[in-house]
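Report on the structure given below.
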Amino acid sequence: MSDQAMLADPFSSPSGAGGRKAVVNDSTRSALVSTMLSPRFYTTDFEEMDRIDISSVREEWDALMVRFRDDPNRGHFKRNADWEDIDIDELPDDLREEFKDFLISSLTSEFSGCVLYKEMKRRGTNKEICDLFGYMSRDESRHAGFINDVLKDFGIGVNMGFLAKAKKYTFFKPKFIYYATYLSEKIGYARYITIYRHLEKHPEQRFHPIFKWFKEWCNDEFTHGEAFSLIIRSDPKLTRGHNKLWIKFFLLAVFATMYVRDHMRPAFHRGLGVDIDEYDMRVLRLTSEISRQCFPLVLDFDNPALVEGLRRMERINQRAQAAAASGGIGGRIGKAFWGLAAGVNFLRLYMIPSVPNTLPETSRLQPIW
């Protein structure tokens, strides 16, 4: 498949499905859901983003753009001899459902980036920024299209053209986009490389061939995070004053969301042969260490109160899910109560002292983990 075809594919309907049925299949409905834990679509002040000035990080920026232009993963997202066809119906029921949820959630996250980056390129006039977002949209498009091909194998492909039009969009200020997307890209790298390294040692636990593609895939995520790191460092105000409070907020929000969401997929992690608690803490510690490249503070994972607070958030989510499932007035009251409890717990987490970090002289890192 040509690069042009791959770029177009995510916006097409699932193969073999036509008309209105493609629009409303279960996968597309799942991708459309907007909750506190589901991936969201974002819009922002594109004019402000167009005014980004990267002159203070020029040397590192130019080196990164060479990598984007060289496009080392140009031919990666294609099936080859390493791909094995499997029958998803042969997987245990709980693993099958959680794997589908993982794929749809991952697709939605990748496609969200694709749509946001493509819109920035379309609206902008700053050539350097438009070039960057064009490259990142290209990469995210490939990722989303590759996942959707897997879903199509199971007859449950997502209609991404419809998704882009029907999904609810959340407005974020540009600086919030930088913080949140930086962390999303870096935590994506940490998750994928941790799974990839585990399955290198335990190939018998690789229940689907898509995991073989995770190494180069997560290197794309890493590189996207490098771009946002340079954008953050290009404007010293983004890491000073009250913005430190926002950085701590997004660190906690992104980390807690991942922790809770992962614990909603116990069968998926058992299928991979990983201990979900050990896996999550490894991913969060790695992401935290990487974030020292551009954030003036990190969370204190050596503080038992932080880890216990994340566990408490997961227990609260379980109770909120149970209340929602019970239905009726009692269910709505219970869901509201546990939602308030989650807010209080987040505030408790926020009050735990963070660890100051002195920014290194240069930002660029290499994906060596």
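The values are calculated or read from the model by the stated rules, or taken from the named source; none is laboratory data. The structure displayed is predicted, hence computed values, not measured ones. Counting neighbours? That spans all protein chains shown, and the Cβs are built from the backbone with ideal geometry, glycine included. What goes into the accessible areas is simple: the full protein's heavy atoms, side chains included, and nothing from ligands, DNA or RNA. Shrake-Rupley method; radii C 1.70, N 1.55, O 1.52, S 1.80 Å.
Mind checking whether some residue in the stretch 197-214 is of a type in the set (Asp, Glu) and closer than 16 Å to PHE111 by Cα? No, the conditions are met nowhere in the stretch 197-214.
Taken over the stretch 320-339, residues that are basic (Lys, Arg) and either buried (at least 16 other Cβ atoms within 10 Å of the Cβ) or touching a strand residue (DSSP E or B) at 6+ places or on another chain (Cβ under 6 Å) (or both) amount to 1.
Restricting attention to the stretch 143-176 and to residues that are under 30 Å from LEU238 (Cβ atoms), modelled with pLDDT under 85 and touching a Ser or Thr at 6+ places or on another chain (Cβ under 9 Å), the residue that is most open to solvent (accessible area, probe 1.4 Å) turns out to be LYS168. Report whether or not SER326 is within 30 Å of GLU60 (Cβ to Cβ), among the hydroxyl-bearing types (Ser, Thr, Tyr) and touching a helix residue (DSSP H, G or I) at 6+ places or on another chain (Cβ under 8 Å). Taking the combined requirement at face value, the residue does not satisfy it.
Scan the stretch 28-73 for residues that are at pLDDT 90 or above, in contact with a Pro (Cβ under 9 Å, 6 or more places away or on another chain), part of a helix (DSSP H, G or I) and more than 17 Å from GLY134 (Cα to Cα) and the total you get is 2. Would it be correct to say that PHE268 is in contact with an Asp or Glu (Cβ under 9 Å, 6 or more places away or on another chain) and either assigned to a helix (DSSP H, G or I) or open to solvent by less than 20 Å² (accessible area, probe 1.4 Å) (or both)? Yes; evaluated as a whole, the condition is true for this residue. Report yes if some residue within the stretch 220-227 is at pLDDT 95 or above and more than 19 Å from the chain's Cα centre (by Cα); otherwise report no. No, every residue in the stretch 220-227 fails to be at pLDDT 95 or above and more than 19 Å from the chain's Cα centre (by Cα). State whether one or more residues within the stretch 105-114 are surrounded by 19 or more Cβ atoms within 10 Å (Cβ to Cβ), modelled with pLDDT under 90, charged (D, E, K, R) and in a helix (DSSP H, G or I). Yes, the conditions are met somewhere in the stretch 105-114. One residue alone among GLU200, GLU185, GLU140 is part of a helix (DSSP H, G or I) and under 19 Å from GLU84 (Cβ atoms), and that residue is GLU200.
Just one residue in the set VAL158, VAL150 is among the β-branched types (Val, Ile, Thr) and part of a helix (DSSP H, G or I); that residue is VAL150. No other residue among GLU97, GLU119 is under 21 Å from the mean Cα position of the chain (by Cα), under 30 Å from HIS263 (Cα atoms) and among the charged types (D, E, K, R) apart from GLU97.
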